[in-house]
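One structure is given here, and the rest of the page talks about it.
Every number in this text was worked out from the coordinates using simple rules, so none of it is lab data. Because the structure is a prediction, the values reported are computed rather than measured. Neighbour counts are summed over all protein chains in view; Cβ atoms, including those assigned to glycine, are modelled from backbone coordinates with ideal geometry.
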Amino acid sequence: VSGSALASRLEELRAAGVELRERPARETREALAAVFDAWSDATSTWRRDLAAELPAATGFSAEVVSEGLRVGLEGWSGAHFLALVESELGRDETSARRVSGFDLTATFLAGSIPMPTLLALAAPLALRSPVVAKTAARDPLTAHMVARSIAHCDERLGRCVACVEFAHDDAAKSDALLTADCVIATGSDATVAAMAARARPSSRFVAYGHRLSLAAVGGDGLRGSAGAQAARRLAHDVALWDQLGCLSPVVVYAVGDDVTGADAFAEELAGALAEIEERLPRGFVAKAAAAQVFHERAEAELRAAAGARVAVHSGAGWTVIREDTPRVRPAPLHRFIRVLPARDQDEFLDALAPLGPHLAAVGLAGFGGDQWPLAERLAALGASRVCPLGAMQGPPLAWRHDNRPVLVPLARYADLELPS
Amino acid sequence: MTAAGPDPRRADLDRAILDWMREPGWRHDDERFERLALDLFTFQFEHCAPYRAFCRARGETPDSVQRWCDVPAVPTGAFKELALHSFPAEICSTRFRTSGTSSAARGTLHLDTLELYEASLLPTFRRHVLPDLAAGAPATLRVLAPSPDEARDSSLSHMFGVVLREIGADDSGFDVSANTLQCDGLLASLEACAAVGRPVALCGTAFAFVHLLDELADRRLRYVLPEGSRLMECGGFKGRVREIPRGELYARLESALEIPIEMMVNQYGMTELGSQFYDSVLLQPDELRRKLGPPWARVVIVNPDTGRPAAPGDVGCLVIFDLANTGSVFAVQTADLGRAVEDGFEVIGREPGAEERGCSIAADTMLGDPAP
C-alpha cells in the first residue's frame, strides 16, 4: 500500500465509523456472531479456504493447520462471542455508564496463528470502532480472509475493516497507523516498546508482548498409564502450530522427588511425539531454527556423555531432552522440549519465578488434589491461564490474554452522573 | 608466555603447528592438515575426558576417524557447561570468557599457553587487514575496545593487545575504557592522522562503531581520513537492543569517515577458537567478498537437518576445524549459518527485527540465556 493510499484508506475508515456508530450495537454484534459461527463451522467456505491456503502461506503442514483450527475454534461460536460481549460490557451498558469504541483502532498483527487475528478484527467492531490491521509478515492471508468474511456477513460492517501490508521497518506507514485513537500492538517486547514510544500520548495503547507457556506433571502422572496419557496430551499441545504459539509449552517440569520419574516421562513423551509426527507432521523449519536445534541437541549429548543425568531423544521432527536440573535453557521451539526435574512444587515455582511476567498458560497433569492450590500459586506468579494438559491450544474466547479482559481495554467509558 | 604443557606429544604437535604458522608464505597443504588434525584429535581424545565420552557416545574414536572432516565437533554452547581442555587443570594459565549478560552463562576457553593463539592471530590479521604494510613497518591502529589490562578475560582485547604490541605505531591505542567509548581521545587521534595524512586502521566491535557514529552525529562532525585508512569490525551485536544491518553500518561509516566500503573488513571469530577469518576484500580487492582464514583452520558447512556436509552453495551451520586449538578441542560446531563461496565462505545473518512465525519466538530472551 502506498503512503497516500494508506492515508485515504484511514480517512474512509473514519468516515465509515461515523455510520457504524449510528447503528445499534446489538445489530453489529449479531453480525459478528454470524462471522464467528461461520469460522467455527469446519464445513464453512471460510474455514475450508483458510485450511487449504494457510499451509503454503505459513509453512505449517496441512494436518497441523486443520487440527489447530479445529481445536482453536471449538469454543468460538457466535453464542460464545455474544456471551463474551455480555460478560465484559453488559452490566455497564445497561447503566448510566456509556461504553464506546474509539473513532479508529489500528492493530499490528504478528505471528501466523489465525485465531488471534479473528479476534483482533472483531473486538474493535464489537465496540463499533472501525479497524485497520497491519497484517503479519508471516501470515499475509488470515486477516484478509477474516475481513472478507465480515463483509460477506454484513456489507456495511465490512466497510469498517481494512487490512494493509507494508514492511516492518517502514516507519512512515507505521506512524500513519499510530495516529489511530486506539492502537493494539503485538510483537516482541522490543517491537512493542518501540511502537509505544512513537504512539501519540493521547492514544489508547494496548500492548501484547511475547509470552511463553509451559507444562508441569506431578508424580502421579509421570509413569504408567497416567504417564502415557499425560505424554500424549502434552505431545498434542507441542505439535499444534509446531510449538510456535504463545500457548505452546516450551518446557515441561517433572515434579516429584523420585528422579526416575523424569526419565520415564521423557521416554513416554519421546514416544508420543514420534507417534504424533505421523499424524500431524511438522512443517517448514528455517535454517536458523534448524541450526539451533542441531546445536542444542549436540550440547545436551555432550553433557550426557560427560556424566550428567541428561538424555537426548530425537527424531526427524522432534527433540526431547531430559535435563538434570530445573534450570531453564534455550528453547529453539519447532517441537523441541526439555523435561526439567523439580523435587517438589516449591522448587518448580522457584525455577519459574523469573518467567512470571512472561507467562501465558500452564498445562497441568498428575497433581491430584494438589492441582487447585498449585493453580492458585501459578496465577499469583503471573500465569493468565492454568488448564489441563491437552487443552493448552484451545483457550476459551473470553480468556484473559495477558491477564486482561478482551474488549474492555479497547473501550472508552463515560459515567453520566446527572440527576434523573 | 609459558611453554606448552609437559606432555611431549603435545609439545611436538604445538611445535609442528607453530612451524606452519611461522612460515613466511602461506601454503595450503591438505596432507599436512590431515596428518596434524588426526594426530591432534587422537591427543585430545586421550586427554580431554568429556570430549572422549562425547566421541564414544557418537561411536567415533581415533581408530574409526580417517579424515579430518569426520572429527566430532563440540558445540560452542558446551564451553558454557564444561571445562574442555586437553591439559591438566593445574597448568591452566589463561581463561578467556565469551561475552554475555550477568544472568547468562558464559563460555570459557581454558589455555595453558598463548603461543599458538598469538602465532595464529598475528599473520592472519596482518594478511587480511594490513596486506599492504611493508615488512617491519608500524601501523596506526585505534581500537574501539578495552585494553587487555582492563578486560583480562576478553580474547578480543588480548588479540588487539598483541597486534598493537607487534605492529602498532606509537600513536596507536585503545579507545574504550570504563565500558565507555573515549571519544575525545579517539577524535583527537583521527584529527592528528588527518592533519599529517597518515592512514589509520580503526578496529572494534560493530556496537562500538555505532557509538562512534552517534557521537559524530551529536557533535555534527564528519572526517575525511587519509587515503589508505581502513576499518576492521568484528561483529558484536549479540545481546544488544539496538542492531544495525552491516550494510547500513558500513554505509554510515563511509559517509562519516570517508573510508570506502572496500576498505572495511569484517572479522569472523569467537572466543572458542584460536584462529580468525576475515573478509577477503583488502587482500583480493578484485574478487568476490568472502571470508578467508589461515591454512591451519578450515570450515565445513553442515546441513543442520542431517549433520552431514551441506550441498555446495547451500546454507548450513559453520563447523570450524582449527589446529590452533591444541589445548582445547580441534573441531567446534557453531550455531552460525553460512554458505561456501569459492575457496572461502560467507556468514548469513538474520535480518534484525525480522518477524518470526510464532509469538513465542522470544523464549530464549525471556529465559535469559540467548542461544549461542
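Springs join every pair of Cα atoms under 10 Å in this Gaussian network model of chain A, and among A:ALA120, A:ALA308, A:ALA239 the largest mean-square fluctuation is at A:ALA308.
GNM remark for chain B: springs join alpha carbons under 10 Å apart, and the peak mean-square fluctuation among B:TYR250, B:TYR51, B:TYR223 falls on B:TYR223.
With only Cα atoms counted, the protein assembly as shown has Rg and Dmax values of 29.4, 101 Å.
Given the alpha-carbon gyration tensor of chain A, what are the semi-axes of its equivalent ellipsoid in whole angstrom, ordered largest first, with each equal to the square root of 5 times an eigenvalue?
Details: eigenvalues 325, 106, 79 Å².
So the equivalent ellipsoid measures 40, 23, 20 Å along its semi-axes.
The residues neighbouring A:PRO249, those whose beta-carbon lies less than 13 Å from its own, together hold a net charge of +3 under the Lys/Arg +1, Asp/Glu -1 convention. Positive-end ranking of A:ALA33, A:GLY75, A:SER44 along the dipole of region A:14-143, with charges on Cβ about the Cα centre, is headed by A:ALA33.
The HN-Hα couplings worked out from phi for region A:310-318 by the Karplus form 6.51 cos²θ - 1.76 cosθ + 1.60 (θ = phi - 60°) are 10, 10, 10, 10, 8, x, 4, x, 7 Hz, whole numbers, x standing for Gly and Pro. Scattering from the C-alpha atoms of region B:129-168 alone, worked out with Debye: what is log10 I(q)/I(0) at q = 0.23, 0.30, 0.31, 0.33 1/Å? With no solvent term, the Cα-only Debye profile gives -0.73, -1.01, -1.05, -1.13. Remark: chain A carries a charge dipole of roughly 740 debye about the Cα centre, counting +1 on each Lys and Arg Cβ and -1 on each Asp and Glu Cβ. Only lysine pairs 8 or more places apart, or on different chains, with alpha-carbon atoms under 30 angstrom apart are counted in the protein assembly as shown, and they number 10. Would you work out which of B:ALA105, B:PRO199, B:PRO75 lies farthest towards the positive end of the dipole of chain B? Charges go on Cβ: Lys and Arg +1, Asp and Glu -1. After comparing all options, I get B:ALA105.
What you get for region A:308-394, charging only the Cβ of Lys and Arg (+1) and of Asp and Glu (-1), is a dipole of about 380 debye around the Cα centre.
Of the GluC sites (Glu not before Pro) found in region B:184-267, the ones in coil according to DSSP and having at most 11 other Cβ atoms within 10 Å of their Cβ are B:GLU227.
Residue exposure proxy: B:SER64, A:SER420, ordered by other Cβ atoms within 10 angstrom of their Cβ from fewest to most, comes out as A:SER420, B:SER64.
Projecting each Cα onto the charge dipole of the protein assembly as shown (Lys/Arg +1, Asp/Glu -1 at the beta carbon, about the Cα centre), which of B:SER154, A:LEU397, B:VAL143 comes out farthest on the positive side? With unit charges placed on the Cβ atoms, the residue in question is A:LEU397. Inter-part distance, region B:137-155 to region B:213-237, computed on C-alpha centroids, equals 17 Å. Figure legend: label point modelled 7 angstrom from the Cα of A:ASP175 along Cα→Cβ; residues of region A:198-213 with amide N under 18 Å from it are A:198-203.
Restricting region A:330-420 to GluC sites (Glu not before Pro) that sit in a DSSP loop and have at most 14 other Cβ atoms within 10 Å of their own Cβ leaves A:GLU417.
With K and R counted +1 and D and E -1, the other residues having a Cβ less than 10 Å from that of B:LEU283 yield a net charge of -2. Would region A:349-420 count as rounded, prolate or oblate if I go by the C-alpha gyration tensor, calling it rounded below 1.5 in a/c and otherwise prolate when a/b exceeds b/c, oblate otherwise? Prolate.
Rg/Rh, computed from the Cα trace of region A:1-116 with Rh as the Kirkwood radius, has the value 1.03. Neighbours of B:ALA78, meaning other residues whose beta-carbon lies under 11 angstrom from its beta-carbon, give a summed charge of -3 when Lys and Arg score +1 and Asp and Glu score -1.
Express the Stokes-Einstein translational diffusion coefficient of chain B in µm² s⁻¹, to the nearest whole number, given a Kirkwood radius over alpha-carbon pairs, 37 °C and a viscosity of 0.692 mPa s. Provide the component values of the computation, followed by the final result.
Details: Rh = 21.6 Å.
Estimated via Stokes-Einstein, D reaches 152 µm²/s.
Translational diffusion of region A:283-420 was estimated from the Stokes-Einstein equation, with Rh taken as the Kirkwood radius over Cα pairs; at 25 °C and 0.890 mPa s the coefficient is 136 µm²/s.
Whole-Hz Karplus values for region A:114-127 come out as x, 4, x, 5, 4, 5, 5, 7, 6, 4, x, 5, 4, 9 Hz, taken residue by residue from phi with 6.51 cos²θ - 1.76 cosθ + 1.60 and θ = phi - 60°; glycine and proline positions read x.
Counting only other chain Cβ atoms within 10 Å of each residue's Cβ, the peptide B:72-81 averages 5. Taking a ≥ b ≥ c as the square roots of the eigenvalues of the Cα gyration tensor, an a/c ratio of 1.5 or more together with a/b no larger than b/c marks region B:209-289 as oblate.
Fewest to most neighbouring Cβ within 10 Å: what's the order for B:VAL176, A:VAL255, A:VAL85?
Numbers: B:VAL176 21, A:VAL255 30, A:VAL85 24.
The most exposed by this proxy come first: B:VAL176, A:VAL85, A:VAL255.
Under 5 Å between amide hydrogens, built in the peptide plane, is the criterion, and for A:VAL386 it picks out A:VAL362 among residues at least 5 positions away or on other chains.
Per residue of peptide A:184-193, the mean number of Cβ atoms on other chains within 10 Å of the residue Cβ is 3. Rounded to the nearest 20 debye, the dipole size of region A:68-112 about its Cα centre is 20 debye, using +1 on the Cβ of Lys and Arg and -1 on the Cβ of Asp and Glu.
Tell me, B:CYS183, A:CYS246 in order of fewest to most beta-carbon neighbours within 10 Å?
Values: B:CYS183 18, A:CYS246 30.
Ascending number of Cβ neighbours within 10 Å: B:CYS183, A:CYS246.
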